[in-house]
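One structure is given here, and the rest of the page talks about it.
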Amino acid sequence: MIAGNVFVEIAAILGLATLTGIIGQKLRQPLIIMFLATGILAGPSFLGIIHSYEQIELLAHIGIALLLFIVGLKLDLNLIRTTGPVALATGLGQIVFTSLIGFVIAIAMDMSYLSAAYVSVALTFSSTIIIVKLLSDKKEIDSLHGQIALGFLIVQDIAAILALVGLTTLGASVTGEDSGYLSLLMIGAKGLGLLGAVALLMKYVIPYLTQRLSNSLELLTLFAIAWAVLLGASSELLGFSREVGAFLAGVSLASTAFRDSIGARLTSLRDFLLLFFFIDLGARLDWSMVGSQLGASLVFSIFVLVGNPLIVLMIMGGMGYRRRTGFLAGLTVAQISEFSLIVAALGLSIGHITEETMGLITLVGVVTIFLSTYMILYSYPLYRVLSSPLKIFERRNPYREADIDTFAETGAVDVILMGLGNYGSGLMEHLLRRKNAIVGIDFDPGALDMWRKKGVPVLYGDMADPEMHEHLPLKKAQWVISAVRSKEMNLALIHNLKKDGYTGKVALTATNSQEAAEFEKAGANLVFRPFKDATEQAADALTYAMDFLPKSVDWPVSFLELRIRSDASSAGQTIRELPLSALGISILAASRGGRIFYEPTPDFRIFPADRLLLMGHPAGLKDAETILNHLEARRDAEDTDRFEIAEIKVSEDSDFSGKSLAELHFRQKFGATLVGIRRGQNQITTINPAERLQGGDCLIVIGKSSTIKELKSLAPV
């Protein structure tokens with residue numbers, strides 16, 4: 001019933017994929033593995049559902065093209081320049097060492113020289129598709145190890161394409177179709193022509209075309225898909241792979257202002273179509289040959305899973321990178337790729353290898369993809385276990401990553417801020433305006449470069465890496481703040497800080513109330529709730545705007561809704577003290593915490609986060625906005641009278657000794673609040689006015705700096 005009906009066949013495959021996906025979710029397995037399992041189950045060795053191989057392969061190819069297109073779309077040319085040397089050295093070095101060692105292993109297994117050559121070449125290529133998908137899911141594409149991995153995977157892809165071109169040329173020469181040298185010259189000329197055509201289109205056509213299509217996001221998205229597939233098809237017609245063309249299509253749109261919106265719209269379509277790639281990959285395995293090739297496949301699989309990462313580790317360590325970066329980048333080459341299978345299939349069609357060799361390469365592909373997926377998903381726990389033995393791969397001075405750091409241990413450090421994304425960068429801006437001394441931490445070289453140019457000291461690192469703490473000024477920092485919304489990483493951070501003996505305060509960022517409770521239980525002193533805080537402010541703003549902002553007024557007057565910043569100079573002043581009347585500006589209403597004050601009086605005092613509805617001439621409103629939200633760095637002036645908590649020790653001969661708190665009139669006389677008494681090993685947290693102070697007591701008080709200073713002078717030790 002299924003055979004011959006493509007629609008029913010695809011429906012059955014999708015249903016099976018959904019079922020295996022649900023099972024995988026219950027078992028906490030990655031979807032990539034379950035989609036591979038779907039292909040194996042639907043293939044000829046088990047259920048035999050798949051018959052329309054050409055249609056499934058077509059969908060898989062379109063998914064691959066979209067994946068490479070999105071990779072090119074998000075490509076940062078500046079990062080390519082900065083990671084180019086290590087990407088080239090690592091990519092070529094890994095190819096050379098893996099192919100040589102793989103060839104020796106294959107010869108030791110009594111393979112023919114030609115079969116050994118094909119196997120060794122197949123072992124060198126890693127799957128760009130799977131790695132990009134995994135790194136994207138883990139949000140590590142922009143990290144240093146992600147960019148390096150992407151760089152040497154592209155080098156591998158280029159090498160694979162050259163290998164395919166060489167084999168195609170060799171096949172043509174064997175069959176007498178053409179001269180090998182002439183074919184190579186033609187391929188080179190076609191490649192230069194393709195690059196030149198794309199470069200010209202990037203400069204003169206694509207910017208104009210995307211600008212015209214930007215009025216309709218649907219049409220712009222359709223153009224992006226068509227461009228990716230069209231350039232992929234053109235590349236294939238010229239003798240290259242469709243992946244190269246799709247990648248160039250993405251690069252050609254990467255410099256436009258619409259790349260983020262295009263990428264966001266295509267992500268779901270990419271994920272759906274890649275499902276067919278993994279199903280097709282699983283269905284390729286011929287289980288009738290598994291028994292005879294099982295031993296050899298295990299040997300080669302262990303070599304790929306262990307040997308390839310070690311080769312990358314050695315190369316990157318020798319180039320001056322930290323072992324952690326080398327390890328995480330090395331894990332991305334712990335599998336063979338779809339190019340390996342394509343190379344093997346081409347060798348089979350030419351007659352260079354047998355079905356048994358093809359089955360061996362396919363089995364190695366399934367095993368290594370299966371296991372390396374887990375290695376990448378659980379890379380951080382794996383690194384923590386292997387960190388000490390991996391020290392042999394790190395130079396005494398890993399200068400490459402040290403060049404990224406701009407922190408020098410001089411002066412005080414108020415805050416160590418981890419995570420410089422959108423939320424972290426916002427925190428950084430506001431803390432810097434308050435004159436805090438900050439050290440920023442992130443693993444995105446682009447974010448570090450941005451803050452370095454602004455003069456902010458930064459360090460490259462991952463907050464979950466315990467070894468990173470060795471380079472942090474933890475003894476000087478008053479606060480360690482995590483702006484990263486990851487429960488696992490935040491819990492690992494606070495665990496590592498406790499382990500390092502950090503005595504300052506810790507602030508973590510939670511996505512929901514459950515996470516916030518876990519962080520507080522783990523010992524966080526402060527928990528940020530960005531989503532909750534933003535929704536409350538948004539509701540206040542909307543309510544205020546709905547009630548007050550006029551729909552239309554036919555009069556030469558304008559209205560402005562303004563929120564007072566927490567560090568604005570107007571905060572704390574009365575309306576009378578503000579020079580608004582001279583500008584012809586009136587404050588019609590003020591909103592504070594959901595409560596609205598209509599026509600506030602001149603004595604109305606403005607507080608941070610107030611929302612004001614201003615009325616006046618447009619030019620005057622612009623000046624009023626500048627006045628009201630003028631940033632005033634008042635920290636130095638307020639240091640002498642700021643609010644603080646301190647310990648006051650009571651001596652035997654002080655005026656406090658022997659007197660009760662009621663007799664001292666403590667709160668009324670000193671303007672400070674007594675929150676606790678430490679008496680020897682005892683802690684008194686419930687304060688009784690009749691409690692008499694004793695010599696040797698330590699008072700925990702809260703008050704202004706001037707008050708604390710006076711108390712210390714009255715109760716000397």
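For the range 679-711, filtered to residues that are of a type in the set (Asp, Glu) and within 52 Å of the chain's Cα centre (by Cα), the residue that is surrounded by the fewest Cβ atoms within 10 Å (Cβ to Cβ) is Glu710. None of Gly171, Gly196, Gly191 is surrounded by 15 or more Cβ atoms within 10 Å (Cβ to Cβ), at pLDDT 75 or above and in a helix (DSSP H, G or I) except Gly191. Give me the residue from the range 346-360 that is within 41 Å of the chain's Cα centre (by Cα) and small (Gly, Ala, Ser) and, out of that set, farthest from Ile336 (Cα to Cα). Restricting to residues being within 41 Å of the chain's Cα centre (by Cα) and small (Gly, Ala, Ser), the top hit is Gly347.
Meeting the requirement of 1 or more residues that are at pLDDT 80 or above and of a type in the set (D, E, K, R), the strands (runs of 3 or more DSSP E) wholly within the range 622-717 are 643-649, 673-679. Across the range 115-145, the qualifying residues are those that are farther than 21 Å from Leu371 by Cα and hydrophobic (A, V, I, L, M, F, W, C), and the one among them that is nearest to the chain's Cα centre (by Cα) is Leu144.
Among the hydrophobic types (A, V, I, L, M, F, W, C), within 20 Å of Ile645 (Cβ to Cβ), in contact (Cβ under 8 Å) with a residue 12 or more places away in the chain and assigned by TED's automatic domain parsing to the domain that holds Glu644: does that describe Ile684? Considered against the rule, which asks whether it is among the hydrophobic types (A, V, I, L, M, F, W, C), within 20 Å of Ile645 (Cβ to Cβ), in contact (Cβ under 8 Å) with a residue 12 or more places away in the chain and assigned by TED's automatic domain parsing to the domain that holds Glu644, Ile684 comes out as no. Among the residues in the range 232-248, are any more than 26 Å from the chain's Cα centre (by Cα), crowded, with 19+ Cβ neighbours inside 10 Å, among the polar types (S, T, N, Q) and not in a loop (DSSP other than H, G, I, E, B)? Within the range 232-248, one or more residues are more than 26 Å from the chain's Cα centre (by Cα), crowded, with 19+ Cβ neighbours inside 10 Å, among the polar types (S, T, N, Q) and not in a loop (DSSP other than H, G, I, E, B).
Against the condition surrounded by 24 or more Cβ atoms within 10 Å (Cβ to Cβ), of a type outside the set (Gly, Ala, Ser) and out of contact with any Gly (no Cβ under 7 Å at 6 or more places or on another chain), how does Val364 come out, does it pass? Yes, satisfied. Listed by first and then second residue, the pairs with beta-carbon distance under 7 Å, at least 6 apart or on different chains, first residue in the range 340-356 and free of Cβ contacts under 8 Å to residues at least 12 places away in the same chain, second of a type in the set (A, V, I, L, M), are Leu348/Met358. Filtering the range 324-333 for residues that are in a helix (DSSP H, G or I), over 28 Å from Leu59 (Cβ atoms) and among the charged types (D, E, K, R) leaves a non-empty set. Every condition in (1) aliphatic (A, V, I, L, M); (2) over 30 Å from Leu459 (Cβ atoms); (3) at pLDDT 80 or above; (4) surrounded by fewer than 21 Cβ atoms within 10 Å (Cβ to Cβ) is met by Leu182 except one, and the failing one is (3).
The values are calculated or read from the model by the stated rules, or taken from the named source; none is laboratory data. This one's a predicted model, so the numbers in the text were calculated from it and none came from an experiment. Reconstructed Cβ throughout: ideal geometry from the backbone, glycine too, with neighbour counts over all protein chains shown.
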